[in-house]
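Asks: Quick one: structure below, then a few questions.
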Amino acid sequence: MESIVKKCDVLSCIQPSGVVHLGNYFGAIKNWVQLQDTHSCIFGIVDLHAMTEKHDPAELKKHTNQMMIDLITCGIDPQKSTLFVQSLVPEHVELSWILGTLASYGEVSRQAQFKDKSKRKKEEAVSVGLFSYPLLQAADILIYRAKEVPVGQDQKQHLELTRNIAERFNSRYGDFFPIPEPKYSETPKLMSLADPTKKMSKNIGSKHYIGLFETEKSVRKKVAAAMTDSGELKKGEMSPGIKTLFDMLGQTSQQSDYISLLNDHHNGNLKYQHLKEAVANALVELTTEMRQRRAEAEADISLINDSIREMSFHARKLAQETLYEVKQRVGIKNLSHF
Ligand code: TRP
């Protein structure tokens, strides 16, 4: 089993949501790209997680294909890392069943994400898949015996659950899983420009996010329309809208603009218009480059398909090694050990 440990220092996954926005890019993907140079990484596109709420089959397929291209465009490099599609590694689901026998109904029903997503719906409309989502996530992590898991703060409870399940497995069946360490993103969580009290997200409408591949016209329009003031502010205080604009600018390559505008703010002479212009210019530079790179990647689509198929196959081999050992330990049959 030693081989697995060497092959996965870092694991993280993303849902094929249909659009990569700046929150995903600055908060997660950009960091993944950097980690590839120092760690052996496995990244996954978790399409099974994207069907826990009612979904359109054709859209899911399309979004999964898009996410493959998007991640390669952003710099996930098959020469350095493994990038797999979750449904191509069915062992995740098998492991999640076994993990589910170790988790209690109480601890799973206390997961805040489940509570949030289910409370707006009738009981009949809440799928068991939505409930067991965190068990599949635990399987994604444990099946590669990952050591570190870069995620956003919103995944804290899911990671805690994963660690508890791993500890329980180890104490019941003998030490096997490394206890995965969450690595929380250090970049500030990007908020919606149209409503800076909400997290940037695709689900709440197109004015609430900026896509990584969005056109110049659309980026400029959204930045121009961004909310700036919101009620009374004490001297030196920053409104949530202005903070969001600064947070965005701070993530781009325009660090000198960021510093000088932040100085203006501290000195009380920041012109919102200047901030918006700087943000729009910086984002247009980024999205224009990304759109070009994406077009190039798209031209190599069959290459991308081949390489993701191969990488998923590789991931599957690692997953099978883990599952084999898990099955031996819990006392269920392995075909190769009948
Ligand atoms: N739940 C994660 C999210 O919504 C996605 C995810 C699924 C994940 N499996 C994972 C993240 C394993 C890290 C590790 O962002």
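The values are calculated or read from the model by the stated rules, or taken from the named source; none is laboratory data. What you see is a predicted model; the values in this text were computed from it and never measured. Using ideal geometry, Cβ is built from the backbone for each residue, glycine included, and neighbour counts are taken over all protein chains shown. Just so you know, the surface numbers come from the protein's heavy atoms only, side chains and all, with ligands and any DNA or RNA stripped out. Shrake-Rupley method; radii C 1.70, N 1.55, O 1.52, S 1.80 Å.
Asks: Taking all protein chains in place and a 1.4 Å probe, what share, in percent, of the accessible surface of the range 1-160 do carbon and sulfur account for? Please report the intermediate quantities before stating the final value.
Replies: Numbers: 3780 of 7020 Å².
After summing per-atom areas, the C and S share lands at 54 percent.
Asks: For Ser206 and Asp264, what does the FRET efficiency come to when R0 = 35 Å and r is the distance between their Cβ atoms, rounded to the nearest 0.05?
Replies: Numbers: r = 31 Å, r/R0 = 0.87.
Computed FRET efficiency for Ser206 and Asp264 comes out at 0.70.
Asks: While we're on this one: Holding the Cα-Cα limit at 23 Å, pick out from Lys61/Lys121; Lys61/Lys202; Lys119/Lys147; Lys183/Lys221; Lys156/Lys199; Lys54/Lys327 the pairs that are longer than that.
Replies: Working: Lys61/Lys121 26 Å; Lys61/Lys202 18 Å; Lys119/Lys147 33 Å; Lys183/Lys221 35 Å; Lys156/Lys199 16 Å; Lys54/Lys327 32 Å.
Listed pairs above 23 Å: Lys61/Lys121; Lys119/Lys147; Lys183/Lys221; Lys54/Lys327.
Asks: Can I ask one more? Report D for the range 55-127 in µm² per second (integer): Stokes-Einstein, Kirkwood Rh on Cα pairs, 37 °C, 0.692 mPa s.
Replies: Values: Rh = 15.7 Å.
The calculation lands on 209 µm²/s.
Asks: Between Glu107 and Glu310, what FRET efficiency follows from the Cβ-Cβ distance if R0 is 41 Å, with the result rounded to 0.05?
Replies: Values: r = 37 Å, r/R0 = 0.91.
In this case the efficiency is close to 0.65.
Asks: Set the Förster distance to 25 Å, then compute FRET efficiency between Ala295 and Gln34 from the Cβ-Cβ distance, nearest 0.05.
Replies: Working: r = 24 Å, r/R0 = 0.95.
So, using R0 = 25 Å, E works out to roughly 0.55.
Asks: Okay, next question. Dipole of the range 209-338, Cα-centred, from +1 at each Lys and Arg C-beta and -1 at each Asp and Glu C-beta, to the nearest 20 debye? Show your work: numbers first, answer last.
Replies: Details: 18 positive and 18 negative charges, 107 e Å.
Charge dipole of the range 209-338: 520 debye, to the nearest 20.
Asks: For the range 147-221, run through the GluC sites (Glu not before Pro) and keep only the ones in DSSP coil with at most 12 other Cβ atoms within 10 Å of their Cβ. Before the final figure, lay out each step's value.
Replies: Numbers: sites: Glu148, Glu160, Glu167, Glu186, Glu214, Glu216; in loops: Glu186, Glu214.
Answer by residue number: Glu186.
Asks: Still on this structure: Please report the carbon-and-sulfur percent of the accessible area for the range 202-295; probe 1.4 Å, protein heavy atoms only, DNA, RNA and ligands left out. Could the numbers behind the result be given before it?
Replies: On the way: 2640 of 5290 Å².
Using a 1.4 Å probe with all protein chains present, the range 202-295 comes out at 50 percent carbon and sulfur.
Asks: Moving on to the next point. Once you place label points 7 Å from the Cα toward the Cβ at Asp154 and Met238, how far apart are they in nm?
Replies: The modelled label-to-label distance comes out at 2.1 nm.
Asks: Hey, what number do you get for the chain at 222 nm if only DSSP H runs of n ≥ 4 count, each worth -39500 (n - 2.57), divided across all residues, to the nearest 500? It would help to have the intermediate numbers written out before the result.
Replies: Details: 13 runs with 177 residues, N = 338.
Helices in the chain give a 222 nm mean residue ellipticity of -17000 deg cm²/dmol.
Asks: Please list 3J(HN,Hα) in residue order for the range 40-46, calculated via the Karplus relation 6.51 cos²θ - 1.76 cosθ + 1.60 where θ = phi - 60°; whole Hz, with x for glycine and proline.
Replies: 8, 10, 10, 10, x, 9, 9
Asks: With a/c under 1.5 counting as rounded, go ahead and sort the range 202-295 into rounded, prolate or oblate using the C-alpha gyration tensor (a ≥ b ≥ c being the square roots of the eigenvalues; past the cut-off, prolate if a/b is larger than b/c, else oblate). Working shown, then result.
Replies: On the way: a/c = 2.63, a/b = 1.56, b/c = 1.69.
Oblate, since a/c reaches 1.5 and b/c is not below a/b.
Asks: Separate question: In sequence order, what are the phi-derived ³J(HN,Hα) couplings for the range 316-324 according to the Karplus relation 6.51 cos²θ - 1.76 cosθ + 1.60 with θ = phi - 60°, rounded to whole Hz, with x for glycine and proline?
Replies: Rounded to whole hertz, the list is 4, 4, 5, 4, 5, 4, 5, 4, 4.
Asks: What do you get when you divide the Cα radius of gyration of the range 149-251 by 2.2 N^0.38 Å, with N the number of residues? Spell out each step's value before the answer.
Replies: On the way: Rg = 19.5 Å, N = 103, 2.2 N^0.38 = 12.8 Å.
For the range 149-251, the normalised Cα radius of gyration comes out at 1.52.
Asks: Give the residue list of trypsin sites (Lys or Arg not before Pro) in the range 274-338 that are DSSP loop and have at most 10 other beta-carbon atoms within 10 angstrom. Mind dumping the intermediate values first?
Replies: Numbers: sites: Lys276, Arg291, Arg293, Arg294, Arg309, Arg316, Lys317, Lys327, Arg329, Lys333; in loops: Lys333.
Here the trypsin sites (Lys or Arg not before Pro) that fit, given the DSSP loop and packing criteria, are Lys333.
Asks: Mind putting a number on the dipole of the chain about its Cα centre? Charges go on the C-beta only, +1 for Lys and Arg and -1 for Asp and Glu, and I need it in Debye to the nearest 20.
Replies: Working: 44 positive and 42 negative charges, 163 e Å.
I would put it at about 780 debye.
Asks: Same structure, new question: Taking a virtual spin label 7 Å from the Cα of Lys189 along the C-beta vector, which residues in the range 105-134 bring their backbone nitrogen under 12 Å of it?
Replies: Residues 113 qualify, since their backbone N sits under 12 Å from the label point.
Asks: Leu335 versus Lys122, label points 7 Å from Cα toward the beta carbon: distance in nm?
Replies: 4.2
Asks: Rounded to a whole number of µm²/s, how large is the Stokes-Einstein D of the range 56-96 at 37 °C and 0.692 mPa s, given Rh as the Kirkwood radius over C-alpha pairs?
Replies: On the way: Rh = 11.7 Å.
D, rounded to a whole number, is 281 µm²/s.
Asks: Shifting gears a bit: Restricting to Cα pairs below 8 Å that are 6+ residues apart, what does the relative contact order work out to for the chain? Please round to a whole percent.
Replies: Values: 469 pairs, mean separation 74.8, N = 338.
Result for the chain is 22 percent.
Asks: Now a separate question. With each label point set 7 Å from Cα along the Cα-Cβ vector, what nm distance links Asn164 and Lys221?
Replies: 4.7
Asks: Any idea what diffusion coefficient the chain gets from Stokes-Einstein, in µm²/s, Kirkwood Rh on alpha carbon pairs, 4 °C, 1.567 mPa s? Could you put the intermediate results ahead of the total?
Replies: On the way: Rh = 21.6 Å.
The diffusion coefficient I find is 60 µm²/s.
Asks: Now, a different point. Show the residues, 5+ positions off or on another chain, whose built amide H is closer than 5 Å to the amide H of Met191.
Replies: Met200
Asks: Now for a separate question. With unit charges on the beta carbons (Lys and Arg positive, Asp and Glu negative) and the dipole taken about the Cα centre of the range 175-307, which residue among Thr288, Ser239, Pro182 sits farthest to the positive side?
Replies: Ser239
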